[in-house]
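Contents: one structure, followed by commentary.
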Amino acid sequence: MQFCDRFPQIIERFDRFWEGTDTDRPVLFITAPKERPAAAVAAPEIERPADRILPEHMVARARAQLAWTAYLAEGFPHFFLNFGPGILHACIGGDADFGSPDTTWFPRFLADVDEFADLEFHHDGKWWRRIMAATDALLEELGDELVVSLTDIGGAADIVGSAVGREQLLMDVLDRPESVRAAVDHCHRLWMEAYEANYAAFAGRQDVTTPWWPVVSRGRTYMTQCDFNALTSPGVFADLFADELGAIFRQLDSAAYHLDGIGTEVHVPALLAQEGLKCIQWVPAPGTSALRHKEMLRGIQEAGVSVTFMLYPEEVERACKEFDPRRLCLIVACESETQAEELVENTLRWCE
């Protein structure tokens, strides 16, 4: 990586974060508006919503991001290759609807959950070829200036749910749990095939990997997920979905999990029971602070798993005093580079 002379120190601190080893402060992924932006570089305009997935649009948006954003502490230029959460749906026989400016929709395409076992991952399909084209364009044009993310493949339960319809999957969970388990197991095999294909695209071109969330790792990492768990009991999640996630954790070098929203806290024990999980990313209810869930987050750390979440700059002091800095990564957007620099200095003092 040539884009940042601090990158060896950044990745070394992330190494300690993944393993929970001694450190003087948390990992701080800090961004701020540049004091002297390259004003001539503007974000590209979108004539149609689907333009956002064109390789040339992504490259132009990444250039604008570099021109206007300052990265401090462990902040590094990070670009999310966004084809929508769960794009594997469109690479195994489904389709993707990019008709909305900010949302990707995945229409149902199976009549029965038992049909899922017949699906295959299409390396040469339209959507995977588009993902690879965008990945190649970003690596070719800007690989020395930023870290390109893996695409958001999705989670097995969520992909099965989008294929058969979430309401139908809920009924199947109750009436045909063995069929659901078989579909999830088959989706896991497709998921790993897609992940390895995505990972191979970076071989020899990018020394690290990053998911859509701005954490970075040597080797294989991913932000795993099961948003469907917001609709299930802890027993159902542990019985039908947690083991598949654990299989992914054990196959990655730095496995993270996306825990999102009201009620999903009940699934933390099942997640912590799986070997290989190194980090949980917590997303609290909209308009609330992650710090409201201090006991849950500290419990995760005490179980030997790191945590990461967003905070406002004024919340960082409290986080430094209430959490183990060895297992903490904070994502913070500052109003200025000066504020960001002061925050880094203060963090060292708060963690003494």
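The values are calculated or read from the model by the stated rules, or taken from the named source; none is laboratory data. Source: prediction; values computed, not measured. Every residue, glycine as well, gets a Cβ built from its backbone with ideal geometry; the counts of neighbours run over all protein chains shown.
Structure above, values below:
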{"item": "Evaluation of A60 against (1) surrounded by 15 or more Cβ atoms within 10 Å (Cβ to Cβ); (2) touching a helix residue (DSSP H, G or I) at 6+ places or on another chain (Cβ under 8 Å); (3) under 26 Å from R129 (Cβ atoms) (one fails), failing number", "result": "(2)"}
{"item": "Subset of segment 96-113 (residues that are part of a loop (DSSP other than H, G, I, E, B), surrounded by 13 or more Cβ atoms within 10 Å (Cβ to Cβ) and touching a Pro at 6+ places or on another chain (Cβ under 8 Å))", "result": "F98, T104"}
{"item": "Residue count, segment 98-119 (criterion: more than 18 Å from M171 (Cβ to Cβ) and in contact (Cβ under 8 Å) with a residue 60 or more places away in the chain)", "result": "2"}
{"item": "Every residue from segment 19-50 that is part of a helix (DSSP H, G or I) and surrounded by fewer than 15 Cβ atoms within 10 Å (Cβ to Cβ)", "result": "E19"}
{"item": "Breaking point among (1) outside any loop (DSSP other than H, G, I, E, B); (2) modelled with pLDDT under 95; (3) of a type in the set (D, E), for D5", "result": "(1)"}
{"item": "Within segment 292-331, considering residues that are under 20 Å from H267 (Cα atoms) and in contact with a Lys or Arg (Cβ under 6 Å, 6 or more places away or on another chain), the one surrounded by the fewest Cβ atoms within 10 Å (Cβ to Cβ)", "result": "Q301"}
{"item": "Any hit, segment 121-143, residues being at pLDDT below 95 and surrounded by 17 or more Cβ atoms within 10 Å (Cβ to Cβ)", "result": "yes"}
{"item": "One residue from Q206, Q168 being of a type in the set (S, T, N, Q) and more than 12 Å from F116 (Cβ to Cβ)", "result": "Q206"}
{"item": "Count - residues of segment 220-256 that are closer than 24 Å to G20 by Cα and either among the hydroxyl-bearing types (S, T, Y) or modelled with pLDDT under 95 (or both)", "result": "4"}
{"item": "Filter result for the condition that a residue is more than 26 Å from T209 (Cα to Cα) and in contact with a Leu (Cβ under 7 Å, 6 or more places away or on another chain), over L231, L271, L277, L240", "result": "L231"}
{"item": "Residue that is surrounded by the most Cβ atoms within 10 Å (Cβ to Cβ) [pool: residues in segment 332-352 that are among the hydrophobic types (A, V, I, L, M, F, W, C) and assigned to a loop (DSSP other than H, G, I, E, B)]", "result": "C334"}
{"item": "Conditions (1) closer than 26 Å to G261 by Cβ; (2) at pLDDT below 95: number failed by C351", "result": "(1)"}
{"item": "Single residue of A247, A197, A201, A256 found to be crowded, with 22+ Cβ neighbours inside 10 Å, of a type in the set (A, V, I, L, M) and in contact (Cβ under 8 Å) with a residue 24 or more places away in the chain", "result": "A256"}
{"item": "Neighbours by Cβ (under 8 Å, 6+ apart or cross-chain): first from segment 130-143, under 17 Å from D207 (Cα atoms); second basic (K, R) and part of a helix (DSSP H, G or I)", "result": "L142/R63"}
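Let's see how each residue does on (1) among the β-branched types (V, I, T); (2) more than 15 Å from A73 (Cα to Cα):
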{"site": "P313", "(1), (2)": "no, no"}
{"site": "E317", "(1), (2)": "no, yes"}
{"site": "K321", "(1), (2)": "no, yes"}
{"site": "L328", "(1), (2)": "no, no"}
{"site": "S336", "(1), (2)": "no, no"}
{"site": "A340", "(1), (2)": "no, no"}
{"site": "T347", "(1), (2)": "yes, no"}
{"site": "W350", "(1), (2)": "no, yes"}
